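The values are calculated or read from the model by the stated rules, or taken from the named source; none is laboratory data. Just so we're clear, the structure is a prediction, and the values are computed from it rather than from any experiment. FYI the Cβ positions are ideal-geometry reconstructions off the backbone, even for glycines, and counts take in every protein chain you see.
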Amino acid sequence: MNYLATLSPLYAEIFLLVMACTILIVDLFFTNPSKTPTYLLVQITLFGCAFLTVFTYQPGVVYLFNNMFVDDLMSDVLKLLSYLGMSMVLVYSRTYLMVRGLFTGEFMVLLLFTLLGMMVMISASHFLTLYMGLELLSLSLYAMVALQRDSAASTEAAMKYFILGALASGLLLYGISMLYGATGTLELNAVSDAITQGAADKNLLVFGLVFVVTGLAFKLGVVPFHMWVPDVYHGAPTAVTMLIGSAPKLAVFAFVMRILVEGLQPLLVHWSGMLVILAVLSMALGNIVAIAQTNLKRMLAYSTIAHMGFLLLGILSGGLEGYGSAMFYAVVYVLMSLGSFGMIMLLSREGFEADTLNDFKGLNQRSPWLALMMMLLMFSMAGVPPTVGFYAKFSVLQAAVSAGYVSLAVIAVLFSLIGAFYYLRIVKLMYFDAPETHAPISIQPDSGLLISINGLALLVLGMLPGTLMSICAVAVQRSLLLP
Amino acid sequence: MIFGFPLLSVAIWLPILFGLLIMATGGDRNAPLARILALLGATLGFVVTIPLYTGFDKTTSLMQFVELHDWITRYNIHYHLGVDGISVLFILLNSFFTPLVVIAGWKVIEKRVAQYMAAFLIMSGLINGVFASLDAVLFYVFWEAMLIPMFIIIGVWGGTNRVYAAVKFFLYTLLGSLLMLIALLYLYNQSGGSFAILDYHKLPIPLTAQILIFIAFFMAFAVKVPMFPVHTWLPDAHVEAPTGGSVVLAAIMLKVGAYGFIRFSMPIAPDASQQLSGVMIALSLIAVVYIALVALVQTDMKKLVAYSSVSHMGFVTLGLFMFNAYGVEGALLQMISHGFISGALFVCIGVMYDRMHTRNIADYGGVANKMPVFAAFFVLFAMANVGLPGTSGFVGEFMVIMGAVKVNFWYAFLAASTLIFGAAYTLWMVKRVIFGAVANQHVAHLTDMNAREIFVCTVLAAAVLAMGLYPLPFSEIMHVSVSDLLVHVARSKL
């Protein structure tokens, strides 16, 4: 068999790497500050990746490179959604970055490397590949946070992100090394088999598990390992905040699934208990502290923490219901997060950031359509039907109740009630208050169209959520070979 | 379904589509078109519900006009609509009120007309959806979705303290709803994966679970009714809402809570309902007596009518938990009658507010001298609120008291006290506002109702009198369904 043909599940990654390096060089020849050719090249690259992923689709689970790399339906679906997310980030942030002089070739190349890191994480079936993907993702993000070199807040955020990220990576590596010591392998499936056979030292395993879960919690940004989230979200340029807060969550979801569910499933009783604590604390702290925020980016940061708690609730409920609902939640969350940060960038203009709550006052009078879209986004975040955010919460709660965690479900809904308050406050500011400024809102046609599609998608998916739910469930089922 | 025509779907989606159309066509810049489209949509919405009544089979308690389609197959959720003799009445009531609300807000609303009209039409469709849903998730979606337009209506077109009232309204209701969601998920798992409400009616459930389910449903429905002690959002919401908002809140939205008790709590958890009926009766009687006394001391007309609503809704919950035909049918008639009367009273207060821009009773006096037509209507509706025989208010209250006598004399005695307290607070308000000498310069300059206002009041007055004099068309349609409900509630599910 032709060696190149056996690499077909990897074509998208190879293509992306080649294109990223090419764009890095080619970009030097496009001196126009609008960077339109580079921008188009990046979009074409993303489209090409999507084409390759669909084109090289193979049913079943395919392993490559001595079981270091896996291609299954879950990875395909998550990758396709990541391309979409990245493409949306670019469209939303183009004008915003351009007026700030940050729409450079480096930004776009770093974005592609972030995506590559995500893809490696999504498809990893070996601790080393997982770690490699994570570092590629993180290093690109550190650099992007610091992109605005003359901004003290950005630099501080990047510093914080880097130090805490490095600490988390260290903890994760330490945990992995213990797992390696106990099982003698780094392959996720082999680790799982070794634990099941009972040959591994239980104490060492659990000790390692604690460090691994801590590392994961850092990357997810759940309480009590959340300290970096608000500062980084706040300090980074909004385009980068959007990038951090959107598509990478899909990769982190895959990361958690690969490690905890594929690799450490036999230790379920141990890690599910840890996740319960993390989930409850995140939902509590995220929702309560978000109320006190006056900066929308910070508020969304705390909202992310709460949403990640909900996501963990799905994962710890286990089974097809739990994992399928968690994946659905992650996908829906990415869609909502893209829209919310997109709205901030739409309302920003040269020398002005529309990132405080007061900037949304009276939006209904300035632009009824944008206000309607933002209202859909906020109600979706709060989980109010008929938006899709409701079904995300619904499926996670259903998983929790069917797994017997009724009291956890009650706690979750009570905290989401508290959460509803600060989302409602945005609606209140937009509809009930008078605007503070009457500055005209200039909307580029591309991002204006995208925010409309994004907002309406929440409504349409809320009316017909069945397909997306089934895709997530089937993807998880096929990948984990669940009944 | 008549001639294969999905009537219920049309009743739900037609107003919603008109609402979207209003927002799409010109928006607020084109207010006259928005008004005409709204009236057209609301009237059509009412017309399509008439066949629900004329084509209704009164001899069966089975669901009629059923529509069943797959919706979310992964969780076995269906788009399942249908009505029985209980829910059909509320769909009619709701669709009947929508054109009136549109007319009542015709000239009064000047700010963002299109959004106002669209919000009411969309809400009307969503409320029809609540009453027509036979699938728990579909019900929940409509139930929550109808909060959004109401939140906007109170917050945008309301009075000075509107933001507080709107947020309080939303969060109060959301708290109850979320607990209900958990109960529904529990039932889904217990029933082996079904969200059909009618399946839950047959599902055996142990007592502890029944009680917890009952409490979860109670949190959702009692807030909506509203029952004492979770009624505090209602006076705030009523006072701050624009006239149309108050009308829909009082006439329709409160009924959704009581309907929930009938559709969910009582048949799904019959043993818990019996066990906890003492609590429910106590809370109802507190509402009837204590809230009536609270109404007595109000200085704001809207607040007075709001508290009167809470007191009257106490009758409804009292009747339901008597578990006999008089009580339940009386409660249902009381719900419909209260819809007409409280709606009419809010319209009347709106008429005065539009002229005087105050709701304080003390700012009025001798209105009858300047607005004789208005005074006639107002006194009629006030009398109906008191429960004067010959008006709709009498029928329901009388039947509930009859039902209560069968259970316990003292329940009936306390409930009947409202006839005195109700008369006291309503007539005292009428005396201070309508009668006497002209109180001040502002009252002296009042002009009587215009044709638009007279039309709305005439329609409502006709409804109040028709129901009071000849309630049979209302009671015969619900009779079989109520008997069936009582059979369900009497049968233990342990």
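Residue-wise test of (1) under 17 Å from B:G19 (Cβ atoms); (2) part of a strand (DSSP E or B); (3) touching an Asp or Glu at 6+ places or on another chain (Cβ under 9 Å).
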{"position": "B:L33", "(1), (2), (3)": "yes, no, no"}
{"position": "B:A38", "(1), (2), (3)": "yes, no, no"}
{"position": "B:G45", "(1), (2), (3)": "yes, no, no"}
{"position": "B:F65", "(1), (2), (3)": "no, yes, no"}
{"position": "B:R74", "(1), (2), (3)": "no, no, no"}
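Can you pull out every residue in the range A:365-411 that is free of Cβ contacts under 8 Å to residues at least 12 places away in the same chain and either touching a helix residue (DSSP H, G or I) at 6+ places or on another chain (Cβ under 8 Å) or among the β-branched types (V, I, T) (or both)?
A:P368, A:F394, A:V401, A:V406, A:V410
Run A:P435 past the list (1) more than 15 Å from A:M374 (Cα to Cα); (2) modelled with pLDDT of 90 or more and report the number of the one that doesn't hold.
Here A:P435 clears every test but (2).
Among the residues of the range A:85-96, is any without any contact (Cβ under 8 Å) to a residue 40 or more places away in the chain and within 30 Å of A:P445 (Cα to Cα)?
no
Working only within the range A:463-475, note down all residues that are among the hydrophobic types (A, V, I, L, M, F, W, C) and surrounded by 23 or more Cβ atoms within 10 Å (Cβ to Cβ).
A:M469, A:C472
Restricting the search to the range B:443-478, which residues are under 19 Å from B:F56 (Cα atoms), surrounded by 14 or more Cβ atoms within 10 Å (Cβ to Cβ) and either in contact with a Lys or Arg (Cβ under 7 Å, 6 or more places away or on another chain) or acidic (D, E) (or both)?
B:I477
Conditions tested, residue by residue: (1) within 24 Å of B:V66 (Cα to Cα); (2) facing another protein chain (nearest Cβ under 10 Å).
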| residue | (1), (2) |
| --- | --- |
| B:F151 | no, yes |
| B:G158 | no, yes |
| B:L198 | yes, no |
| B:P204 | no, no |
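Looking only at the range B:160-173, count how many residues are among the hydrophobic types (A, V, I, L, M, F, W, C), at the interface with another protein chain (Cβ under 8 Å from one of its Cβ atoms) and surrounded by 23 or more Cβ atoms within 10 Å (Cβ to Cβ).
Here the count works out to 2.
Which one of A:V460, A:V396, A:V388 is more than 7 Å from chain B (Cβ to nearest Cβ), at pLDDT 90 or above and surrounded by fewer than 19 Cβ atoms within 10 Å (Cβ to Cβ)?
None of the other options fit; the residue is A:V460.
Check whether at least one residue in the range B:111-129 is over 26 Å from A:L372 (Cβ atoms) and either buried (at least 23 other Cβ atoms within 10 Å of the Cβ) or away from chain A (no Cβ under 13 Å) (or both), and report yes or no.
No, the range B:111-129 contains no residue that is over 26 Å from A:L372 (Cβ atoms) and either buried (at least 23 other Cβ atoms within 10 Å of the Cβ) or away from chain A (no Cβ under 13 Å) (or both).
Restrict the check to the range A:412-425 and report whether at least one residue is among the aliphatic types (A, V, I, L, M), free of Cβ contacts under 8 Å to residues at least 12 places away in the same chain and within 13 Å of another protein chain (Cβ to nearest Cβ).
Looking for residues that are among the aliphatic types (A, V, I, L, M), free of Cβ contacts under 8 Å to residues at least 12 places away in the same chain and within 13 Å of another protein chain (Cβ to nearest Cβ), one finds at least one in the range A:412-425, hence yes.
Among the listed residues A:L97, A:L137, identify the single one that is in contact with a helix residue (DSSP H, G or I) (Cβ under 8 Å, 6 or more places away or on another chain), outside any loop (DSSP other than H, G, I, E, B) and at pLDDT 90 or above.
Exactly one of A:L97, A:L137 is in contact with a helix residue (DSSP H, G or I) (Cβ under 8 Å, 6 or more places away or on another chain), outside any loop (DSSP other than H, G, I, E, B) and at pLDDT 90 or above, namely A:L137.
Give A:S452, A:S407 a once-over and let me know the one that is surrounded by fewer than 21 Cβ atoms within 10 Å (Cβ to Cβ), among the polar types (S, T, N, Q) and within 12 Å of chain B (Cβ to nearest Cβ).
When all the criteria are applied, what remains is A:S407.
From the set of residues in the range B:180-196 that are at the interface with chain A (Cβ under 9 Å from one of its Cβ atoms) and in contact (Cβ under 8 Å) with a residue 12 or more places away in the chain, which is surrounded by the most Cβ atoms within 10 Å (Cβ to Cβ)?
If we take residues in the range B:180-196 being at the interface with chain A (Cβ under 9 Å from one of its Cβ atoms) and in contact (Cβ under 8 Å) with a residue 12 or more places away in the chain, then B:L181 is surrounded by the most Cβ atoms within 10 Å (Cβ to Cβ).
Somewhere in the range A:29-41, is a residue assigned to a helix (DSSP H, G or I) and under 24 Å from A:G324 (Cβ atoms)?
No, every residue in the range A:29-41 fails to be assigned to a helix (DSSP H, G or I) and under 24 Å from A:G324 (Cβ atoms).
Taking the range B:467-486 as the search range and keeping residues that are of a type in the set (A, V, I, L, M) and in contact (Cβ under 8 Å) with a residue 40 or more places away in the chain, which one is farthest from B:P270 (Cα to Cα)?
B:L469
Kindly indicate which of B:T60, B:T54, B:T43 is within 24 Å of B:L249 (Cβ to Cβ), surrounded by fewer than 21 Cβ atoms within 10 Å (Cβ to Cβ) and more than 14 Å from every other protein chain (Cβ to nearest Cβ).
After ruling out the rest, the residue left standing is B:T43.
Being in a strand (DSSP E or B) and surrounded by fewer than 24 Cβ atoms within 10 Å (Cβ to Cβ) is the filter here, so list the residues in the range B:78-110 that pass it.
Correct list: B:H78, B:Y79, B:G82.
List, please: which pairs have Cβ atoms under 8 Å, are six or more places apart or on different chains, and start with a residue in the range A:129-147 that is of a type outside the set (A, V, I, L, M, F, W, C) and end with one that is surrounded by fewer than 20 Cβ atoms within 10 Å (Cβ to Cβ) and assigned to a helix (DSSP H, G or I)?
If the second residue must be surrounded by fewer than 20 Cβ atoms within 10 Å (Cβ to Cβ) and assigned to a helix (DSSP H, G or I), the pairs left are A:Y131/A:S169; A:Y131/A:L173; A:E135/A:S169; A:S138/A:S169; A:Y142/A:F162.
Out of the range B:435-494, which residues are of a type in the set (V, I, T) and within 26 Å of B:V247 (Cβ to Cβ)?
B:V443, B:T447, B:I454, B:V456, B:T458, B:V459, B:V464, B:I477
How many residues are under 19 Å from A:V334 (Cβ atoms) and in contact with a Pro (Cβ under 8 Å, 6 or more places away or on another chain) if we restrict to the range A:454-479?
Of the residues in that region, 2 qualify.
Restricting to the range A:360-404, name every residue that is part of a helix (DSSP H, G or I) and hydroxyl-bearing (S, T, Y).
Within the range A:360-404, A:S380, A:Y391, A:S395, A:S402 meet the criteria.
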